[in-house]
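Engineer: Sharing a structure, written as structure tokens. Questions coming.
Quick note: the coordinates plus some simple rules give every number you see, no bench work behind them. Since this is a predicted model, take the numbers as computed values, not measurements. All Cβ positions, glycine included, derive from the backbone under ideal geometry; neighbour counts span all protein chains shown.
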Amino acid sequence: MANFNTHLNVAFMASGVASLTVYKAGLIDDSGFLMCVVLGTVGGLLPDLDSDNSTPIKLGFNLISFVFAFGLVMHWRSQLSLLSLMILWLAGYAFMRYVVFYIFTNLTVHRGVIHSVPYMAILGLGLTCLSHYVLQASLTASWFYGLFLFGGAMVHLLLDELYSVNLTGATMKRSAGTAMKFYQHNDKWWYLSLYVLLAVLVFVAPPFAPFLAQVTDPAPWIQLRVGMLPTMLENFLR
């Protein structure tokens, strides 16, 4: 499979190119452009959350543990003494970083249900719903956020599949077919749960038709085509 640096760099480049395209087309603003780049890059690391020793899971749990400990201290800052807050900070961090991390890594198997297309689709749709309904982001931005997260994850899965092919001998490695999967019989109940949850998210998701109409409107793409090349190069080609 592709390593961490490959996933990070390819996801960043792919999300950067796609974000610049929709930004220059006028479909997202400055902050939306930055968010799409970040979300596409993060999506490119998400499928490896089920790998116990992967860099993304370690970085992710370190960050979550810090945020959890910080939240505890902020919540109890007025009621507890300085010493108690210090103990709470350390206990909260240790609980998330070691206890929850231990449980998570023992419940997950690398290239299991997390490393699948429906799981990533759930994360993408979930982010769209969160952005629109909770964070009050616009319909267009919310859909782009979810799609960029999902797209980054698809880049990850595609890279893993490409790396499962031995190009020198034109043979398939043992890992072939284990990355970009939609179902595994051994985990049928997990996949059934995933598809039920996915169906619920599709039902409650923000309306897709207005977003599709905006994206397929020729006007933004005409604007993009006009400003695609530097003026000097355009004049030369004419």
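Engineer: Can you pull the one-decimal nm distance between simple spin-label points at Phe203 and Leu90, each 7 Å off the Cα toward Cβ?
Structural biologist: It is 4.9 nm.
Engineer: What does the extension gain come out to for Val100 and Leu130, with contour length at 0.36 nm per residue minus their alpha carbon separation? Intermediate results must be reported in sequence, preceding the final value.
Structural biologist: Details: separation 30, 0.36 × 30 = 10.80 nm, distance 2.39 nm.
Contour length minus Cα-Cα distance gives 8.4 nm.
Engineer: Next question, about the same structure. Where in region 131-152 does the label zone of Leu20 land, with the point 7 angstrom along Cα→C-beta and an amide N cut-off under 18 Å?
Structural biologist: 152, by backbone N distance to the label point.
Engineer: Simple spin-label model, 7 Å along Cα-to-Cβ: Ile222 to Val196 in nm?
Structural biologist: Result for the modelled spin labels: 5.0 nm.
Engineer: Using a basic spin-label model with each label point 7 Å from the Cα along Cα→Cβ, how many nm lie between Ser138 and Asn186?
Structural biologist: The modelled label-to-label distance comes out at 4.7 nm.
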